[in-house]
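Peer 1: First the structure, then my questions, so here it is.
The values are calculated or read from the model by the stated rules, or taken from the named source; none is laboratory data. What you are looking at is a predicted structure, and each value in this text was computed from that prediction instead of being measured. So basically every Cβ, Gly included, is an ideal-geometry build from the backbone, and we count neighbours across all protein chains shown.
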Amino acid sequence: MKVSVKVPATSANIGPGFDSLGMALPLYNTVTIEETVLPGTGVDINIISDGIALDEFAMEHIPSDENSIVYKAVELLYNSIGQTPSELKITIKSGIPIARGLGSSASVIVGALIAANELLGKPADDLALLSIACELEGHPDNITPAFVGGLVLSSQEEDGSVAYQKLYWPSDWAITVCIPDFELSTDIARSVLPKEVPLKDAVFNAQRMGMFVQAVHTKDKELMKMALKDKLHQPYRIKLIQGLDEIMDAFKHEENVLGCVISGAGSSILVISEKNALDKIQSTVKEIWSGLNIKCDIKTLNVESNGAQIVEE
Ligand code: HSE
């Protein structure tokens, strides 16, 4: 038996929602798990490109041995019903840029869990899978939208359960993802964060988070401009993303740009705008990064409303 699951990319944090907000985007990884007939073959993991460059760093990021996050996800699920995974061929068709803050690791965790659960005859329900996936990833903001699609606010509670609420993105607001040619691992991007933050910074983010929810609900552009700010992670990570401070400065007073934030832990940058600002965004980002010898891919994308889905491969 063989099961394939197609999972969208995600952009997490979106300004004030560190480890809480995320949106699914229409770039995909497909995880296929196949039971092989030969006994003793163990678990074989292969990664193939679906239109993205898979360099050495990218391959190291999704190891194909038992250190792989995909293997760990499958193993956790098998162990939860008293079994050990073996004789499985896992193939990841990778169309989400790796280590760019676009949820590639969340997508393979989600894809592997859903596929393994299907192969095992569905011992776990969706909420149980979501909880295992968040435990593995360490935070729910990429996992939840990868799983359920859309723009999602989520939390993992002390008992491990995941609570989430879908929000609705105003269709007039364009989302431009600027993907540089350099990677940034989440481990490094989290290592620069302090263990504790000043109370005033926590209050600042709590205020912006409330504004964000109200702004998408009422489609209030001026409120969204105030909301797309952060003091919990961006100030510490800005030095890890070359050109980010200049790009943020360039858009600060641009009337039709609502905000410019780090996508997840970086290295990509997300620019939220009205649709008439798209040319300006492209040219500004290209000019600043090319001045620093950085190549980039810039895509304006809609929110993907579908989450992970079982597909025919
Ligand atoms: N919220 C996470 C972070 C997303 O910013 O570190 C990256 O996985």
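Peer 1: Residues of segment 203-220 being of a type in the set (D, E, K, R) and either touching a Pro at 6+ places or on another chain (Cβ under 6 Å) or crowded, with 17+ Cβ neighbours inside 10 Å (or both), which ones? Show your work before the answer.
Peer 2: At the first step, the residues of segment 203-220 found to be of a type in the set (D, E, K, R) are 208, 219-220.
Arg208, Lys219 - these are the residues of segment 203-220 that are of a type in the set (D, E, K, R) and either touching a Pro at 6+ places or on another chain (Cβ under 6 Å) or crowded, with 17+ Cβ neighbours inside 10 Å (or both).
Peer 1: Got a number for residues in segment 1-23 being within 14 Å of the ligand (Cβ to nearest atom), assigned to a strand (DSSP E or B) and not hydroxyl-bearing (Ser, Thr, Tyr)?
Peer 2: Filtering segment 1-23 for residues within 14 Å of the ligand (Cβ to nearest atom) gives 9-23.
Filter once more, keeping what is assigned to a strand (DSSP E or B): 9-13, 17-23.
Then keep just the ones that are not hydroxyl-bearing (Ser, Thr, Tyr); that gives 9, 12-13, 17-19, 21-23.
Number satisfying all stated conditions: 9.
Peer 1: Of the residues that make up segment 130-147, is at least one in contact with a Pro (Cβ under 7 Å, 6 or more places away or on another chain) and either touching a residue at least 60 places away in the same chain (Cβ under 8 Å) or surrounded by fewer than 23 Cβ atoms within 10 Å (Cβ to Cβ) (or both)?
Peer 2: Yes, segment 130-147 has at least one match.
Peer 1: Now a separate question. Would you check if Ala146 is part of a helix (DSSP H, G or I), in the same structural domain as Val261 (by TED's automatic domain parsing) and either under 22 Å from Ile269 (Cβ atoms) or away from the ligand (no atom under 11 Å from the Cβ) (or both)?
Peer 2: Taking the combined requirement at face value, the residue does not satisfy it.
Peer 1: Can you tell me which residue among Lys239, Lys229 is more than 18 Å from Tyr168 (Cα to Cα), among the charged types (D, E, K, R) and part of a loop (DSSP other than H, G, I, E, B)?
Peer 2: Only one candidate qualifies: Lys229.
Peer 1: Moving to a separate point now. When segment 168-202 is examined, which residues are found to be within 17 Å of Leu21 (Cα to Cα), part of a helix (DSSP H, G or I) and either more than 16 Å from the ligand (Cβ to nearest atom) or polar (S, T, N, Q) (or both)?
Peer 2: Hit for segment 168-202 is Thr186, nothing else.
Peer 1: Does segment 303-310 contain any residue that is in a strand (DSSP E or B) and either of a type outside the set (A, V, I, L, M, F, W, C) or within 22 Å of Ala106 (Cβ to Cβ) (or both)?
Peer 2: Scanning segment 303-310 turns up at least one residue that is in a strand (DSSP E or B) and either of a type outside the set (A, V, I, L, M, F, W, C) or within 22 Å of Ala106 (Cβ to Cβ) (or both).
Peer 1: Could you check Gln165 against (1) away from the ligand (no atom under 16 Å from the Cβ); (2) over 24 Å from Val213 (Cβ atoms) and say which number it fails?
Peer 2: Single failed check for Gln165: (2).
Peer 1: Can you tell me which residues in segment 68-120 are farther than 25 Å from Thr10 by Cα, outside any strand (DSSP E or B) and either free of Cβ contacts under 8 Å to residues at least 12 places away in the same chain or of a type in the set (D, E, K, R) (or both)?
Peer 2: Asn79, Gly82, Thr84, Glu87
Peer 1: Kindly indicate whether Ser305 is of a type in the set (Ser, Thr, Tyr), closer than 23 Å to Asn29 by Cβ and more than 16 Å from the ligand (Cβ to nearest atom).
Peer 2: Values: of a type in the set (Ser, Thr, Tyr): yes; closer than 23 Å to Asn29 by Cβ: yes; more than 16 Å from the ligand (Cβ to nearest atom): yes.
It is true that Ser305 is of a type in the set (Ser, Thr, Tyr), closer than 23 Å to Asn29 by Cβ and more than 16 Å from the ligand (Cβ to nearest atom).
Peer 1: Would you say Ile241 is touching a Pro at 6+ places or on another chain (Cβ under 9 Å), of a type in the set (Val, Ile, Thr) and assigned by TED's automatic domain parsing to the domain that holds Arg190?
Peer 2: It is true that Ile241 is touching a Pro at 6+ places or on another chain (Cβ under 9 Å), of a type in the set (Val, Ile, Thr) and assigned by TED's automatic domain parsing to the domain that holds Arg190.
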